[in-house]
Amino acid sequence: MAESSTETTFDRLLDRVRRKDRSALARAITVLEREHRAERLLSLGSRRATVVTVAGPPGAGKSTLLGALAKELAHRELSVAILAFDPVSPRSGGAILGDRVRMLESAELPNVFVRSLAARDPSGAGSSRLPALLTLLDTYGFDLIFLETVGAGQEASPLVLLADLVLLVLVPGLGDSVQTLKAGVLEFADVLVVNKADRPDAEDLVRDLSAYYRLVAPTDLVPPILQVIATRDVGIPAVADALLAVRQRYAETGITERRRQEHAVRCWQIALSARCQRVLEEVLRERAAEAPDPLAWREPELYRELARRLHRLADSMETERS
Ligand SMILES: Nc1nc2c(ncn2[C@@H]2O[C@H](COP(=O)(O)OP(=O)(O)OP(=O)(O)O)[C@@H](O)[C@H]2O)c(=O)[nH]1
Ligand SMILES: [Mg+2]
């Protein structure tokens, strides 16, 4: 009874999100952060919004760029959502809110929505909730959804694996950056931004990047490489142009469709492992309450209990479907 009434409340919230109610959207995101509704939201239909993941080393200017870019896109009558995944500070236990403060300016535009989320697991960045969050923002009707990544190992992050486009932000003076990045996220980049072009060596980085892509990619697939000074709004319209041009080209050549088929499979895998993880955690919690010393647990018993619960989950899914 309690479960079904919260479901109804959430459905009502979704109706309001569909009618572009901002406060309902903010509330629904909070619900998703706290509870497990990822599976339900997966089936809301195919996505219209373009998901752009902004990757790059810490401090490259991702947030500053996003703030400026959102403003530029908003002036072009496009609606934009930004989800910034903040690392949780081990000391305070809370998310660093710097990003939100920096992007406040663009957040005050009516068609720009900014939300920072705590990334409890930096490499996963709330992975099990990500598909649901994307569906939610799409339900609201944004044209573009930007995800700001956090931390290292971004090429394996669900934020990159579920993106329609990846915008990589680099800065001059990172040492031999092209060499170190080569095997990683460079291969995923659809648009490259060399930010902090007010610093020396920006030209060198652009040259190195161009040389790298000329070697590895056919001419027509070399991603655009743009110089930007995000703090001074220099080069931002060109980034918007490049992003929209790549989006159109991918749609026309079937790349978007292919990526989305891959996303659908990944989303399903994410939901599946989230469900299994939840059942496992439940079993472990209950066992810990009965016998606080894990070394005294009998593993076969644990698996039997797990199997019983998974059976029950399967049964309830069959009942729901019929
Ligand atoms: N000189 C210069 N500084 C910039 C530029 N863009 C951003 N910055 C500065 O670089 C610092 C980091 O910028 P952020 O936008 O927070 O970078 P970020 O990549 O979002 O950082 P994290 O989210 O912490 O990884 C800030 O102090 C910005 O003011 C630029 O074009 N030139
Ligand atoms: Mg940032």
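Condition first: more than 16 Å from ligand 2 (Cβ to nearest atom) and surrounded by 13 or more Cβ atoms within 10 Å (Cβ to Cβ). Now tell me which residues in segment 194-206 satisfy that. Working first, answer last.
Our first condition is that a residue be more than 16 Å from ligand 2 (Cβ to nearest atom); within segment 194-206, this holds for 194, 197-206.
Once the filter is applied, which keeps residues that are more than 16 Å from ligand 2 (Cβ to nearest atom) and surrounded by 13 or more Cβ atoms within 10 Å (Cβ to Cβ), segment 194-206 yields Val194, Ala197, Asp198, Arg199, Asp201, Ala202, Asp204, Leu205, Val206.
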Practice problem: Keeping to segment 198-236, report how many residues are on the phi < 0 side of the Ramachandran plot, outside any helix (DSSP H, G or I) and charged (D, E, K, R). | Solution: 2
Exercise. Would you mention how many residues in segment 199-229 are among the aromatic types (Phe, Trp, Tyr) and either in contact (Cβ under 8 Å) with a residue 60 or more places away in the chain or under 18 Å from Ala245 (Cβ atoms) (or both)?
Key: 1
Quiz item: Which of (1) of a type in the set (Gly, Ala, Ser); (2) surrounded by 18 or more Cβ atoms within 10 Å (Cβ to Cβ); (3) at pLDDT 85 or above is the odd one out, the single condition Gly141 does not satisfy?
Solution: (2)
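Residues Arg259, Arg285: which one is loosely packed, with under 11 Cβ neighbours inside 10 Å and modelled with pLDDT of 90 or more? Give the derivation first.
Details: Arg259 fails: loosely packed, with under 11 Cβ neighbours inside 10 Å.
Testing whether each residue is loosely packed, with under 11 Cβ neighbours inside 10 Å and modelled with pLDDT of 90 or more leaves just Arg285.
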Quiz item: Tally time: how many residues in segment 243-274 are touching a residue at least 24 places away in the same chain (Cβ under 8 Å) and more than 14 Å from Arg47 (Cα to Cα)?
Solution: 10
Quiz item: What number of residues in segment 288-305 are surrounded by 10 or more Cβ atoms within 10 Å (Cβ to Cβ) and assigned to a helix (DSSP H, G or I)?
Solution: 7
Exercise. Taking the options Gly61, Gly56, Gly151, name whichever one is at pLDDT 90 or above, of a type outside the set (A, V, I, L, M, F, W, C) and within 13 Å of ligand 2 (Cβ to nearest atom).
Key: Gly61
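Restricting the search to segment 285-294, which residues are in contact with a helix residue (DSSP H, G or I) (Cβ under 8 Å, 6 or more places away or on another chain) and of a type in the set (A, V, I, L, M)? Quick ask: steps written out before the conclusion?
Step one: filter segment 285-294 for residues in contact with a helix residue (DSSP H, G or I) (Cβ under 8 Å, 6 or more places away or on another chain), giving 287-288, 294.
Ala288, the sole residue that qualifies.
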Quiz item: Of the residues Glu72, Glu77, which single one is at positive phi, assigned by TED's automatic domain parsing to the domain that holds Gln227, more than 12 Å from ligand 2 (Cβ to nearest atom) and at pLDDT 75 or above?
Solution: Glu77
Practice problem: For Asp233, state whether it is more than 16 Å from ligand 2 (Cβ to nearest atom) and more than 12 Å from Val169 (Cα to Cα). | Solution: yes
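The values are calculated or read from the model by the stated rules, or taken from the named source; none is laboratory data. All of these numbers come straight from a predicted model, not from anything done at the bench. Heads up, the Cβs are rebuilt from the backbone with ideal geometry, glycines too, and the neighbour counts pull from every protein chain shown.
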